[in-house]
Amino acid sequence: MTKVLDLTIKHKSSDTKARTGTLKTPHGTVETPMFMPVGTLATVKHISPEDLYNINSQVILSNTYHLWLRPGEDVIKKAGGLHKFMNYDGPILTDSGGFQVFSLSKIREIVEEGVHFRNHLNGDKLFLTPEKAIQIQNDLGADIIMSFDECPPYPATHEYMKESIDRTLRWAKRGKEAHQRPHDQALFGIVQGGEFEDLRKEHAKALVELDFPGYSIGGTSVGEPKDVMNKMIDYAIEYLPEDKPRYLMGVGSVNGIFEGVERGVDMFDCVLPTRNARHGAMMTSEGRINIKNKQYEYDFGPLDPACDCETCKNYSRAYLRHLYRTNEGLGARLLSIHNLRYLLKLMEDIRLAIKEDRFLEFKAEIYETFDIEHVNDKGF
C-alpha cells in the first residue's frame, strides 16, 4: 500500500542530528526541514494564497478548534474540503484543537471521554473528544492531521504529567481507531511528558508502537526556558523513527528553529512572524528592526537589501513606516510577507548549509547577527 506520507532523507550533518529530506504528501512533495506559516481561520493573516506561492511557502497550518466554531466543519466539507474552501493547492496541516482548549478556556473539566470547556467567543458549553477532533479533521480534509492530546501547563508535577501522558496515549489510540481517511490523511501522534526525561521516553516509545505516519513533539514553547525546551526535544527525539517526519509544535523563533534542526526536527510552525510583523518587529539579514522607529522616517532604502520578497523589491522603509503608523491594511500585508519570506528563506539556507555540511557555522553567523545569546528565553 502506498504511504500517505513518504519521507526520504537526503543529507545528514556530520556533527549534529540536523538532516534534510523530501516529504511526499497528497498535495505535493516538500523539502525538510521546513517552517509552516499559520493560517488559523483558513487564512494566513493578511496573506493570500498567491502571496504564499510567491514567497515559496510549502505547507501551511490551519486550526481545528477555530474552524469547528467558525464556519463549522460541515460548511468546509460541503465546499469540497479546506483546499478548495480557501483556494490553496499546497499541503495543509491541521492541529487537533487540544492546545486551544487548554489555552483559551479558563474553565474546563478533563474526563476520560474528553474535555468539557467553554466556547471562548460566547461562553457556550462545548465537549471535545478524541473521536470528535478526528471527525472534524476528516471533514476538513488536510493532508496531515493531529491526535487530540492534553497540553499540560508548565510547570507540572511528575505525578500530574504521568497521568496526563497515560490519558493522552489512550486518546491517541481512540483517535487512530476513529480515523476514517488514513489513505489520504496522515495522522501524527503527539509526544508529551513535560520536562521529565523518563516520561518523554515512555510516551515516545508507546506512540511509536502505534505506528503513526509521523510524530509531533508537544508541550514546548509554553513558557519554559529555552534550555528546558531543548531538553524536552532531546528526551523525545531519541526514540522517534529516523524514517518518519518529526514536528516541533508552536516554535518559530530564529533560535528555536536552529536548536530544533540541530536536534533532528523536520517541521516547525508558529504565529510569531506574522504577529511580530503586525507590531512592526521585523527580521532582516542585518538583525531585528522596529519599523515604527523615527530613524526610518526618511529612509528610502529597502526593508532588507538582501531579501527577494515583493516588499523589499518595491517599497522603502519610510513608506512601510508610514503605512504602519497610519494603520493601513497594506502595511500589515507587506510586513507579514517579508517576515514570512525571511523565515522561509532562512529554512532554504539551513537546508543548503546541511547539504554542504556547514550547519554549525551558519548557525553561528545568524546568532551573531541577531545577538541571540542576549535575547530573552523566547528568542526572536
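Within segment 269-282, no residue that is more than 19 Å from residue 62 (Cβ to Cβ) sits with its Cβ atom under 8 Å from a residue that is of a type in the set (Asp, Glu) and in a strand (DSSP E or B) at 6+ positions apart or across chains. Could you list all residues from segment 87-139 that are open to solvent by 60 Å² or more (accessible area, probe 1.4 Å), assigned to a loop (DSSP other than H, G, I, E, B) and either within 17 Å of residue 42 (Cβ to Cβ) or of a type in the set (Lys, Arg) (or both)? Result: 87, 89, 106, 121. Scan segment 349-361 and tell me whether some residue there is over 25 Å from residue 259 (Cα atoms) and either touching a helix residue (DSSP H, G or I) at 6+ places or on another chain (Cβ under 7 Å) or of a type in the set (A, V, I, L, M) (or both). No - not one qualifying residue is present in segment 349-361. Residue-level analysis places residue 336 outside the set of residues that are at pLDDT 95 or above, of a type in the set (Ser, Thr, Tyr) and out of contact with any helix residue (DSSP H, G or I) (no Cβ under 8 Å at 6 or more places or on another chain). Set side by side, the residues 237, 217 differ, and just one is more than 15 Å from the chain's Cα centre (by Cα) and closer than 25 Å to residue 372 by Cβ, which is 237. Pairing residues of segment 71-83 that are without any contact (Cβ under 8 Å) to a residue 60 or more places away in the chain with residues that are open to solvent by 20 Å² or more (accessible area, probe 1.4 Å) and among the charged types (D, E, K, R), at Cβ distances under 8 Å and at least 6 apart in sequence or on separate chains, gives 83/89. Sort through 149, 143 and tell me the only one that's among the charged types (D, E, K, R), touching a residue at least 60 places away in the same chain (Cβ under 8 Å) and touching a Gly at 6+ places or on another chain (Cβ under 7 Å). Within the list 149, 143, the selection yields 149. For first residues located in segment 188-203 and touching a residue at least 60 places away in the same chain (Cβ under 8 Å), partners that are in a loop (DSSP other than H, G, I, E, B) and lie 6+ apart or on another chain with Cβ distances below 6 Å form the pairs 190/147; 190/149; 190/218.
The helices (runs of 4 or more DSSP H) falling completely within segment 291-380 that include 3 or more residues that are surrounded by 19 or more Cβ atoms within 10 Å (Cβ to Cβ) map to 317-325, 329-355, 359-370. When segment 79-117 is limited to residues that are touching a helix residue (DSSP H, G or I) at 6+ places or on another chain (Cβ under 7 Å) and among the polar types (S, T, N, Q), the one that is nearest to residue 148 (Cα to Cα) turns out to be 96. Scanning segment 1-42 for residues that are aliphatic (A, V, I, L, M) and at pLDDT below 95 returns a single hit, 1.
On the given criteria, is residue 127 farther than 24 Å from residue 274 by Cβ, aromatic (Phe, Trp, Tyr), out of contact with any helix residue (DSSP H, G or I) (no Cβ under 8 Å at 6 or more places or on another chain) and free of Cβ contacts under 8 Å to residues at least 60 places away in the same chain? Working first, answer last.
Numbers: farther than 24 Å from residue 274 by Cβ: yes; aromatic (Phe, Trp, Tyr): yes; out of contact with any helix residue (DSSP H, G or I) (no Cβ under 8 Å at 6 or more places or on another chain): yes; free of Cβ contacts under 8 Å to residues at least 60 places away in the same chain: yes.
Answer is yes for this residue.
To keep it simple, each residue is scored yes or no on (1) among the charged types (D, E, K, R); (2) touching a helix residue (DSSP H, G or I) at 6+ places or on another chain (Cβ under 7 Å); (3) more than 19 Å from residue 175 (Cα to Cα); (4) modelled with pLDDT of 95 or more.
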site: 191; (1), (2), (3), (4): no, yes, no, yes
site: 196; (1), (2), (3), (4): no, yes, yes, yes
site: 199; (1), (2), (3), (4): no, yes, yes, yes
site: 212; (1), (2), (3), (4): no, no, no, yes
site: 218; (1), (2), (3), (4): no, no, no, yes
site: 232; (1), (2), (3), (4): no, yes, yes, yes
site: 258; (1), (2), (3), (4): no, yes, yes, yes
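The values are calculated or read from the model by the stated rules, or taken from the named source; none is laboratory data. These figures come from a predicted structure and were not determined experimentally. When we count neighbours, we look across all protein chains shown, and the Cβ atoms used for this are built from the backbone with ideal geometry, even at glycine. For the accessible areas, the whole protein counts, side chains as well, though only heavy atoms, and no ligand, DNA or RNA atoms are used. Shrake-Rupley method; radii C 1.70, N 1.55, O 1.52, S 1.80 Å.
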